[in-house]
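First the structure, in the form of structure tokens, and then the observations on it.
The values are calculated or read from the model by the stated rules, or taken from the named source; none is laboratory data. These numbers come from a predicted model, not from an experiment. Cβ coordinates were reconstructed from backbone atoms using ideal geometry, including for glycine residues, and neighbour counts include every protein chain displayed.
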Amino acid sequence: MSASALPAVTPEAPVLLREDGAGIAVLTLNRGPARNALSLALMAALQAALDAIAADPAVRVVILKGAGPAFCAGHDLREMRANPGREAVEALFRACARLMLTITRLPQPVIAQVHGIATAAGCQLVATCDLAVAADDARFATPGVNIGLFCSTPMVALSRAVPRKAALEMLLLGEPIDASEAHRIGLVNRVAAGAELDGTVREMALRIAAKSPRVLAIGKEAFARQGELALEQAYAYAAEVMTRNMMLADAREGIDAFLQKRPPRWEP
């Protein structure tokens, strides 16, 4: 990993960034006492870290996790009430939208490692990440309806990650679901015992990091774009993407390696 491309952080920073080996970057939300609520400072730090990662070709996969007892409790309600003016609120949600779009458009796959709670914008983070693994005691909710603030922005990611009625049940009832239900509806990919969460996520990240980073970036972008197209347009677009993909040296190397029954050697 190109350390010079990544921002330096201190132990007190709102987001911690470290290399976990084999091209894996680990981002840790670092407001544990506040359940990693998404303050403006935390979102700005996370945005800066993701921007740096996007520009670093040595990073092949990202793990997003939380310090302390929870993954993320959503927006910082105390900060929101202290700055109730329209301009401040608009700036907050613009920053959040930019952050979620950055995760979606990041060339590298992002895995959410979820423990404790993931509520409101924290649940939005999980739904936005490409993959998610949850501890078996994790809980998920979009509870804004209970406090007079419908989870409209979390709804965007949630409704694209789970079936319509499952999303509406979470949004309209505002009640938490457990990890097994989150897995059943497709909000998370896997559930692991708490003691095995780190190892389960790292093993998944290592398997992804072993793939061609160029092909991963092509595939992640294509997956997002084709989902916005009608069926016939999606096939036309996907055919063009596969044609470009086939022109890459990594595609030729991967096919040759398969035919020769040897591990592929991706370009650095």
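Consider only pairs whose beta carbons are under 6 Å apart and that are at least six residues apart or on different chains; among these, list those whose first residue lies in segment 81-96 and is closer than 23 Å to Leu125 by Cα and whose second residue is not hydroxyl-bearing (Ser, Thr, Tyr).
Once the first residue is closer than 23 Å to Leu125 by Cα and sits in segment 81-96, its partners that are not hydroxyl-bearing (Ser, Thr, Tyr) give Ala95/Met43.
Read through the list (1) surrounded by 20 or more Cβ atoms within 10 Å (Cβ to Cβ); (2) under 13 Å from Leu40 (Cα atoms), then give the number of the only condition that Arg94 fails.
Answer for Arg94: the failing condition is (1).
Being under 18 Å from the mean Cα position of the chain (by Cα) and over 21 Å from Leu131 (Cβ atoms) is the filter here, so list the residues in segment 53-73 that pass it.
Matches in segment 53-73: Ala55, Ala73.
Quick check on Ser159: is it farther than 24 Å from Arg81 by Cα, surrounded by fewer than 18 Cβ atoms within 10 Å (Cβ to Cβ), in the same structural domain as Ala132 (by TED's automatic domain parsing) and in contact (Cβ under 8 Å) with a residue 40 or more places away in the chain?
No.
In segment 202-212, is there at least one residue being touching a residue at least 12 places away in the same chain (Cβ under 8 Å) and over 30 Å from Ala138 (Cβ atoms)?
yes
Give segment 4-63 a look and list any residue that's assigned to a helix (DSSP H, G or I) and either more than 23 Å from Leu77 (Cα to Cα) or touching a Gly at 6+ places or on another chain (Cβ under 9 Å) (or both), or say none.
Hits for segment 4-63 are Ser4, Ala5, Gly32, Pro33, Ala34, Ala49, Leu50, Asp51, Ala52, Ile53, Ala54.
So if I check each of Thr200, Thr243, which one is of a type outside the set (A, V, I, L, M), within 18 Å of the chain's Cα centre (by Cα) and either assigned by TED's automatic domain parsing to the domain that holds Arg139 or more than 24 Å from Ala134 (Cα to Cα) (or both)?
Unique residue meeting the criteria: Thr200.
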